1. Among (1) farther than 25 Å from residue 600 by Cα; (2) out of contact with any helix residue (DSSP H, G or I) (no Cβ under 7 Å at 6 or more places or on another chain); (3) at pLDDT 90 or above; (4) more than 16 Å from ligand 1 (Cβ to nearest atom), where does residue 525 come up short?
2. If we keep just the residues of segment 429-456 that are under 22 Å from residue 531 (Cα atoms) and surrounded by fewer than 21 Cβ atoms within 10 Å (Cβ to Cβ), which is nearest to ligand 2 (Cβ to nearest atom)?
3. Could you check segment 460-476 and list, in sequence order, the residues that are modelled with pLDDT under 90 and over 25 Å from the mean Cα position of the chain (by Cα)?
4. Under the condition of being in contact (Cβ under 8 Å) with a residue 40 or more places away in the chain and in contact with a helix residue (DSSP H, G or I) (Cβ under 7 Å, 6 or more places away or on another chain), which residue from segment 218-240 is surrounded by the fewest Cβ atoms within 10 Å (Cβ to Cβ)?
5. Scan 270, 291 and give me the residue that is in contact (Cβ under 8 Å) with a residue 60 or more places away in the chain, more than 26 Å from residue 156 (Cβ to Cβ) and crowded, with 16+ Cβ neighbours inside 10 Å.
6. Hey, among 584, 538, which residue is part of a strand (DSSP E or B), within 16 Å of ligand 2 (Cβ to nearest atom) and over 39 Å from the mean Cα position of the chain (by Cα)?
7. Take the residues of segment 515-535 that are touching a residue at least 60 places away in the same chain (Cβ under 8 Å) and farther than 21 Å from residue 553 by Cβ: which is nearest to the chain's Cα centre (by Cα)?
8. I need the full set of residues from segment 164-183 which are under 25 Å from residue 321 (Cα atoms) and exposed (fewer than 15 other Cβ atoms within 10 Å of the Cβ), in order please.
Ligand SMILES: Nc1ncnc2c1ncn2[C@@H]1O[C@H](COP(=O)(O)OP(=O)(O)OP(=O)(O)O)[C@@H](O)[C@H]1O
Ligand SMILES: [Mg+2]
C-alpha cells in the first residue's frame, strides 16, 4: 500500500538521524512539561503570600496534590525559585528543541541532494534527450525543500501537537470521562475530513510541483534564448507564452491554497460542535448536580485550548503530505535506470588504441509525442507520464571499419549523415550494440567506463564553457593537472588570442565571465581534448568555424599531436581529412566510400565531387584574401 510504503521511506530517512531527533524530542518534552508546570509554582507563591497575609491555611493546587506534594512544604522564596528554574529550563531547552530537529532535516536534504547529483552524473545522454532541465532543477530545489520541511518543522510540530493534545485529553478524562466522550463525538467526522483533506493536499501539491518543473524550464528557455528573442524582436511572443504558463501555475497554486484555507475553519467548526455538545451536556450535569461548576468551566476552557494545537496539526499534515508527494517524485527519478555503467566483469583498458567497428547500426529513441495544447489538463499529465515516444530515428546502418593503432581516420559526410553519432558511440555516450565496437580487441562495453573515457577522448562539435578561468577550462580533464595550458592552446592555435584577454588565462569564462567566439570555442575544445592526452583522439567537426589559414596551422600541429596516437577527424571539408591514412564517406548512416584521398579522388564519387567543389571555392577564397593583403 502507498501509505505503508511511504512510512517505510520516512523511517529510512529518519534512521541515520535518530540520535539527533531523540535529543530534539527530549528537549521538546522538557519545554512542554516545564512550561506547563511553571504556573503551578506561581500559584503556590501567590497562595502562600495570601495565606501569610490573612493567616489562613494554604491550599494545595490539585496538580501538586496529585503528586502528593503539599503547598505548605514551600516558602514564598522557594516557590518563586522553582518557578524561575522551570521557566529558565523551558527557555534553555527551546534551543536544542529547534536545533536538533532543524539540523538533521537540513542534513537529510543535503544527503538527498548529493544522491540526486550522483545519479544525474551517471545517467546517459539518452536520458538527457528525454528530460527537461526545468524538471531536474525543481527536483533539486522545490522537492528536496518539501522533504526537508517534512523532516524538520513537520516532525517538530506534529509531535508537539500530538503531545499537547494527549496531555489535554488526559486531564479532561481525569476531570470527567463522561463529558470527554461527549466532547469527542465529532472526532470520527474530524478524522474523515482530515483524510479527505490530506488526499486533496497530496494531489494538488503534486500537480503544483510538476508545474514548477515546467515553469522553471520556461524561464530557463527564455533566458537561454534571450539573444534570439531580442534579435528577432519577439519579446511579446515570449512574454505572452510565459504569461500563459505563469497564469496556469497561479491557478494550480490557488487550487492548493483553497484546500488549505478550507481546512482550518472547518476544523474550527467541528471543534465548535464539540463545544456546543459539552456546553449542553455539561450544563445539564451541573444542573443535576453531578458536576461542579468549577469542573465545567475548566472543561470548556480545555476544549477551547485544543483549537491552537489543532491548527498546528493541520499544518503538520499538510507538510507531511507535501513531503510525501515530493519524496515520491524524487524516488521516481532515482528509479530511472542507469543505462550505461560498468558491466560486472569490466576491466581496465590495455593496448595502444586500435579500433574495430563491426556492422554497427544505431537508432535514437524518437522524441516524445507533443502534448495537444487543447487537451484536458488531467489527461495531458497522464500522457506525459507514460513517456510515449514516436518512431526511433535511425542514424547508423551497418558501419564497419578497422583502424590500426597510431593511424588516422577521416570521416566526411553531409549534415545529419551520422558522423557525430559514430563519435558518441565510440566513447559510449550512447550504448552501441554488443560486439560492434572493439578497442584493442575488447568490446568497449566490457571496459571500465573511466578507463575507456581516458583512452578515447572526443572534442565535441559544440563544447561547453564552465564558469571558471580559461586555464581551468582548458585543463578540465588534463592528464597532468599541473601542466601548462599554453602547451595545448598553442597546438590549437588559440594561445595568442587568449593572451590578449584582459586577465589572460585567469579570465573568467561562461555565464559569469566573457564569452568566446564560435571559432575560439572550437579550438578550446581541441586544446581540452589534447590536454587529456588520450590514446585515441576524436575531433568532431572542430575546425568548421575557423578561417582557412588557422585551419591549416592547426592541421599542421595535429600531425605532431597524432604522432603515436590513433586519430579520428570528422569534417565537412576535404582539406581537413585529406592527409588521413583512411577516409570514409557517410551518407544517411551508411559508409558509401572508403580509401585514401588519392583512391577516393580516383573513384570519382561523392568525395571527388565535393573535393572539386571545395577546391573551386578555396581558390576563390585564397584569391580574395590575397587581394585584401
Ligand atoms: N540526440 C538525438 N536524438 C535523436 N536524434 C538525433 C540525436 N542526435 C542526432 N540525431 C539524428 O541522428 C541523425 C544523425 O545525426 P548526427 O548528429 O550524427 O549527424 P552529423 O553527421 O554529425 O551531422 P552534422 O554534420 O550536422 O554535425 C540525424 O538524423 C539527427 O537528426
Ligand atoms: Mg555532427
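1. Among (1) farther than 25 Å from residue 600 by Cα; (2) out of contact with any helix residue (DSSP H, G or I) (no Cβ under 7 Å at 6 or more places or on another chain); (3) at pLDDT 90 or above; (4) more than 16 Å from ligand 1 (Cβ to nearest atom), residue 525 violates only (4).
2. Only one residue tops the list, namely 429.
3. 461
4. Among residues in segment 218-240 that are in contact (Cβ under 8 Å) with a residue 40 or more places away in the chain and in contact with a helix residue (DSSP H, G or I) (Cβ under 7 Å, 6 or more places away or on another chain), the one surrounded by the fewest Cβ atoms within 10 Å (Cβ to Cβ) is 220.
5. Working: 270 fails: more than 26 Å from residue 156 (Cβ to Cβ).
One residue alone meets the criteria, 291.
6. On the way: 538 fails: over 39 Å from the mean Cα position of the chain (by Cα).
So the residue among 584, 538 that is part of a strand (DSSP E or B), within 16 Å of ligand 2 (Cβ to nearest atom) and over 39 Å from the mean Cα position of the chain (by Cα) is 584.
7. Step by step, filter segment 515-535, then rank; the result is 532.
8. Keep residues of segment 164-183 that are under 25 Å from residue 321 (Cα atoms), which gives 164-166.
Of everything in segment 164-183, just one residue is under 25 Å from residue 321 (Cα atoms) and exposed (fewer than 15 other Cβ atoms within 10 Å of the Cβ), namely 166.
The values are calculated or read from the model by the stated rules, or taken from the named source; none is laboratory data. Only a predicted model underlies this, so the values are computations on that prediction, with no experimental measurement involved. Cβ: placed from backbone, ideal geometry, glycine included. Neighbour counts: every protein chain shown.
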